[in-house]
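Below: one structure, written as C-alpha cells.
The values are calculated or read from the model by the stated rules, or taken from the named source; none is laboratory data. Because the structure is a prediction, the values reported are computed rather than measured. A quick note on method: Cβ atoms are made from the backbone with ideal geometry, for glycine too, and the neighbour counts reach across all protein chains shown.
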C-alpha cells in the first residue's frame, strides 16, 4: 500500500510509484476513482499543486510498453514474434468482415 501526504504533487506520486512498484515515471498511466479516470500531469505552472486524490481513493497504475518520449518505430512483427510468444487473447488478425480472428480461427478458415 502506498501512503501519500495531502500535499503530494504529481511528480512525487510518480516517484513513489516508481520506488514501490519499479515502474519508471515515463511508463506510468495512472487512473483513479470510479469509474477509473486517467490522472494527467498538471498543466504548465501548476506542477506544485497537490494531486486531486482523497483519503481512501484507489489508484491503478498501468505499465506502458514504451516510454511516451520514445518514438514508435516501424517493425516487422512477423520477424520478431512467434505465435507461441504472444497469448491468444492478445493476438488477432483482421479477416474478411469486421471481426478480428485469432490465429487458430484464421487457419481454420483457410483450411
Query raised in the report: Which pairs do you get when a residue that is free of Cβ contacts under 8 Å to residues at least 24 places away in the same chain, found in region 5-23, comes within reach of a residue that is buried (at least 17 other Cβ atoms within 10 Å of the Cβ), reach meaning Cβ atoms under 8 angstrom, with the pair 6+ apart or on two chains?
Result: 14/28; 14/30; 18/28
Query - Residue satisfying all of: in region 40-58; in contact (Cβ under 8 Å) with a residue 40 or more places away in the chain and within 21 Å of the chain's Cα centre (by Cα); nearest to residue 25 (Cα to Cα) among these - result: 51
**Report entry** Matching helices (runs of 4 or more DSSP H) fully within the chain where at least 1 residues are modelled with pLDDT of 90 or more and surrounded by 13 or more Cβ atoms within 10 Å (Cβ to Cβ)
**Finding:** 10-21
